[in-house]
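Before any comments, here is the structure.
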Ligand code: TYD
């Protein structure tokens, strides 16, 4: 049987990484392929340079770079799913909609991603929802802040954009909004029970 494709989304500092690791261990670490976007490829490296501010790219260039990165990533994701492994991905096209959608035409970004047959639809997307001030508090413990993490108002706008997108996709995608301000164990139990449904 083919594996399930599970995506985690959320603002930086929303606790995605912790919940991804917990879900992977509940599913059985050897049965799961853990991955993330931007990827570790050359395109992913260019994206990271731009995110850190050391390379100048327009929002449109960023949207296209994330798209190219995702198309290559899908080849790898597909192989693991076909081999029967579940794939858990930290960020996917919803991040392009929320972050690049703030600065480019959202409809163009959505069309490029959703209209591309080389980009698969996840079986489920978990949105780790917390207030931007909660994320900011957690992020301040990390050494380097990327451009998106610097501005609380921008984080609020990004969260609003995620919700705008989720409302547009509510009939075509399986999106679960998770209240991520609760106890870590409570959150991971809820996520595991939702994954068991699929
Ligand atoms: P990174 O530090 O690699 O991951 P995370 O913060 O999730 O641990 O940063 C990824 C950044 O890339 C994050 O700020 C959101 C941004 N991003 C986009 O703007 N568009 C996209 O399509 C993706 C996948 C990420």
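Every number here is computed from the coordinates shown, using simple stated rules; none is lab data. On a predicted model such as this, the values are computed, not experimentally measured, just so you know. Methodologically, a virtual Cβ is constructed for each residue, glycine included, from the backbone with ideal geometry; neighbour enumeration extends over all protein chains shown.
In terms of surrounding Cβ atoms within a 10 Å radius of their Cβ, 66, 163 rank from fewest to most as 163, 66. Measuring nothing but alpha carbons in the chain and taking Rh as the Kirkwood radius, the Rg to Rh ratio lands at 0.94. From the Cα gyration tensor of segment 1-113, with a ≥ b ≥ c the square roots of its eigenvalues, which class applies: rounded if a/c is under 1.5, or else prolate if a/b is larger than b/c, or else oblate? Judged from the Cα gyration tensor, segment 1-113 comes out prolate (a/c at least 1.5, a/b above b/c). Ranked by the mean number of other Cβ atoms within 10 Å of their residues, highest first, the peptides 122-135, 176-189 fall in the order 122-135, 176-189.
Dimensions of segment 44-88 based on its C-alpha atoms, expressed as ranges along the principal axes with the largest first, amount to 40, 17, 12 Å. Every helix of 4 or more DSSP H residues in the chain counts as -39500 (n - 2.57), and over all residues that averages to -16500 deg cm²/dmol at 222 nm. Spin-label model, residue 181 to residue 1: label points 7 Å out along the Cα-to-beta-carbon direction sit 3.7 nm apart. Each peptide in 101-107, 88-94 receives the mean, over its residues, of other Cβ atoms within 10 Å, and ordering these scores from highest gives 88-94, 101-107.
Taken over segment 1-61, the convex hull of the Cα atoms encloses 126 Å³ per residue. Legend: calculated FRET efficiency, residue 133 to residue 52, from the Cβ-Cβ distance at R0 = 22 Å, rounded to 0.05, equals 0.40.
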